[in-house]
Amino acid sequence: MERETKKSGNMDVKSAGGRALGLDALRGFAILTMVLSGIIPFGELPEWMYHAQVPPPDHVFDPEVRGITWVDLVFPFFLFSMGVAIPLAFTRRMDAGARRRDLLVKVAERGFLLAFFAIYLHHIRPFVLQPSDQDPWVWWTAIGGALILFPIYTRLPDTWSRSVRWTIRGAGFAGAIVLLSQLTYPDESGFSLYRSDIILIVLTNMAVFSSLIWMVTRDRTNLRLGVLVFLAACILAAREPGWVAAFWNESPLPWLFRFDYLKYLFILIPATMIGDRLAAAMKQGLPSVLPDRSLRGAFRYHVTAVTGVAIMIILLAGLLSRQVFLTTAAVAVLMSVTLWLFRDAQSGNDRLFRDMLLWGAFWLMLGLVLEPFEGGIRKDHATFSYYFVTTGTAIWFLVPLMIWIDLFRGARVFSLLVRNGQNPMIAYAGMQNFVLPVLTLTGIHGYLLSVTGDPWIGVLRAIGYTVILALLVSWLTRRRIFWRS
């Protein structure tokens, strides 16, 4: 099939054989909403504006609260994006001639770089250096520390010699080590391996273990599902006294790895199965842009583009209000109607989306059936229902993004999400280590705080900050400046 390419700004939007732009958009959506959720002001906002287990007005953790909000979706959406990307990246490398040993080296390198990122970034965050009333040096340290990350993580041109690239990266590591050796914290301590970003530590573990599992089970999907069964058995057994619990609760490197982190494989492993299907489809040039004549008559695609979003909204509202049966029934009806439209899948696009939606329906219904188990769905402490519901929701949200971007030629509309999804490390670090420090040092942040005391106005301020970050990351992406692990 001939590759069709469309130009959108400075981005080459490829409908076939290029990047999975819908997946990039999902990753961008996840990272930007993750950043937004972290800067929304506490106060008298509705409970659905925060983690369900940290409700207003006191925002005290309450594990008895059941249900999920949009804030509880952003992290599993990012994990899901990571899982889908693993088969895409490794298949591309293997097709280019990479051997299994090369992939193992890449996994080890990625694990090291992500772990370093998790530890270093947390050490240079302004609210870690000084929790309140930050002095100017704190903000300058946050900015300077972030700049040091560029020589470490920026993807340098392949035309540069290996020695030059390693020299630049080594200089970055040297600068980071010098900075870490000079910093002290409110408890008068210095550098500590235990001072790290827990989200990034979890991502590190998931990147390593899900990659290894995929390599072992690449052509054995049943075995990959068997890993989930074995993992579920370990988690359930660890809740009772005995050797499993004793083993599960120990770790040779507790600052880096805990067996409890493996629970997120319930999201990553299903995601790799979607990644396998997508990788196979992309080799055939799918998903492909619809001709104008087909676009006008593609009723099933228009329906799917709407129902995927509707299902997510119904789930969030229904589960938080504890209308579990009505929510399950409504979601089941919407999924059934959508899948019925793909019953006679003829084209490659139809078969791809049908397969993805079927897996999404399976995981979503499995999660909803398990909802009463463990007292109801919740993020903290996460339930089996949470893993499967969020996985299914991610699939049913990814498919509409692929339809809008790849089939309906909507890459320009979603370009901000796509470009941030292609540069997630900068997007994750950029708010606390650039946008907020710059706005604070210039006095803009202080002024905006004084005139945005109302909680909803504060939400608009948070959205504005997030848009600034998104535009900055998009600008860097257009200039091919990427951080890569």
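The values are calculated or read from the model by the stated rules, or taken from the named source; none is laboratory data. Since this is a predicted model, take the numbers as computed values, not measurements. Don't worry about glycine lacking a Cβ; one is built from the backbone with ideal geometry, like all the others, and counts go over all protein chains shown.
Here is how the numbers come out for the structure above:
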| item | result |
| --- | --- |
| Unique residue being over 24 Å from V418 (Cα atoms) and either in contact (Cβ under 8 Å) with a residue 24 or more places away in the chain or of a type in the set (K, R) (or both) when the list is G170, G97, G175 | G175 |
| Residues of the range 372-399 satisfying the condition of being over 17 Å from the mean Cα position of the chain (by Cα), surrounded by 24 or more Cβ atoms within 10 Å (Cβ to Cβ) and over 18 Å from Y50 (Cα atoms) | S385 |
| Qualifying residue in the range 179-198 (condition: charged (D, E, K, R), at pLDDT 95 or above and farther than 30 Å from M273 by Cβ) | yes |
| Subset of the range 343-378 that is in a loop (DSSP other than H, G, I, E, B) and modelled with pLDDT of 95 or more - its residue that is nearest to L236 (Cα to Cα) | L370 |
| In the range 235-255, the residues that are surrounded by 10 or more Cβ atoms within 10 Å (Cβ to Cβ), assigned to a loop (DSSP other than H, G, I, E, B) and in contact with a Leu (Cβ under 9 Å, 6 or more places away or on another chain) | W255 |
| Identity of the residue in the range 92-143, hydrophobic (A, V, I, L, M, F, W, C) and not in a helix (DSSP H, G or I), that ends up nearest to L180 (Cα to Cα) | I124 |
| Subset tally (residues that are more than 28 Å from the chain's Cα centre (by Cα) and either closer than 30 Å to P291 by Cβ or not in a helix (DSSP H, G or I) (or both)) for the range 407-458 | 5 |
| So R195, is it farther than 19 Å from V107 by Cα, touching a residue at least 24 places away in the same chain (Cβ under 8 Å) and among the charged types (D, E, K, R) | yes |
| Yes/no for I86 being aliphatic (A, V, I, L, M) and either touching a Cys at 6+ places or on another chain (Cβ under 6 Å) or closer than 21 Å to F127 by Cα (or both) | no |
| Scope the range 211-234; condition part of a helix (DSSP H, G or I) and either of a type in the set (S, T, N, Q) or touching a residue at least 60 places away in the same chain (Cβ under 8 Å) (or both); matching residues | S211, L212, W214, M215, T221, N222, A232 |
| Candidate set: the range 416-443, residues that are of a type in the set (A, V, I, L, M) and closer than 15 Å to T154 by Cα; chosen: the one surrounded by the fewest Cβ atoms within 10 Å (Cβ to Cβ) | M425 |
| Residue list for the range 169-193, restricted to those being surrounded by 15 or more Cβ atoms within 10 Å (Cβ to Cβ) and either touching a Pro at 6+ places or on another chain (Cβ under 7 Å) or part of a loop (DSSP other than H, G, I, E, B) (or both) | R169, G172, L183, Y185, F191 |
